[in-house]
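Read the structure below first, then the notes.
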Amino acid sequence: MSSTESRYSAALPATWLAARLAVEPARIDAMRRAGELIGVREPGSTAWRYPAWQFEAGRPRPAVARVVAAARESGVDESRLFDVLTAPLGLRGERTLVDLLLEGRDDEVVAAVRTG
């Protein structure tokens, strides 16, 4: 397994997610296209995977749509957005923007995504 694939290994397959949310798989793709979810693809794959941290109580966190909108406004694609959100912050590298998102610090995450 490559380092890129291992980064996506905790992301949920669309079929599993659709079953969990009790929606059609096409609805999951529509949510991604609409900016409600962040989807990533392993290199060479056509299958979308969805990071589990963007969900809370079985639904997408409301902040995810804001983060995706900021990324799209800044010309950041989903793969790069995933990288920005999961990259270590600072020199210590212990925390990520995902950690801030989970803490409810949405405005900081949106600002960081806009600056890329």
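Given charges of +1 on the Cβ of Lys and Arg and -1 on the Cβ of Asp and Glu, with all other atoms neutral, how large is the dipole of segment 38-79 about its Cα centre, in debye to the nearest 20?
With only Lys, Arg, Asp and Glu charged at Cβ, the dipole is about 140 debye.
For the chain, what is the calculated [θ] at 222 nm in deg cm²/dmol (nearest 500), taking -39500 (n - 2.57) for each run of four or more DSSP H residues and dividing by its residue count?
Values: 7 runs with 60 residues, N = 116.
That calculation yields -14500 deg cm²/dmol at 222 nm.
For the chain, give the percent of accessible area contributed by carbon and sulfur heavy atoms, probe 1.4 Å, rounded to a whole number.
Here it works out to 52 percent.
Any idea what the dipole of the chain comes to, in debye rounded to 20, about its Cα centre with Lys/Arg Cβ at +1 and Asp/Glu Cβ at -1?
Working: 16 positive and 16 negative charges, 29 e Å.
Here the chain has a charge dipole of around 140 debye.
Taking Cα centroids, how far is segment 78-116 from segment 1-66 in Å?
So the two Cα centres are separated by 17 Å.
Answer with a single label: of (i) 0.99; (ii) 0.95; (iii) 1.06, which was calculated as Rg/Rh (Cα atoms, Kirkwood Rh) from the structure in view?
(ii)
At 1.4 Å probe radius, can you tell me the per residue accessible area of the chain in Å²?
About 57 Å² of surface per residue is accessible.
The values are calculated or read from the model by the stated rules, or taken from the named source; none is laboratory data. It should be emphasised that the depicted structure is a prediction, and the values quoted were computed from it without experimental measurement. Every residue, glycine among them, receives a Cβ derived from its backbone with ideal geometry; neighbour counts consider all protein chains shown. SASA here: full protein model, heavy atoms, side chains in, ligands and nucleic acids out. Shrake-Rupley method; radii C 1.70, N 1.55, O 1.52, S 1.80 Å.
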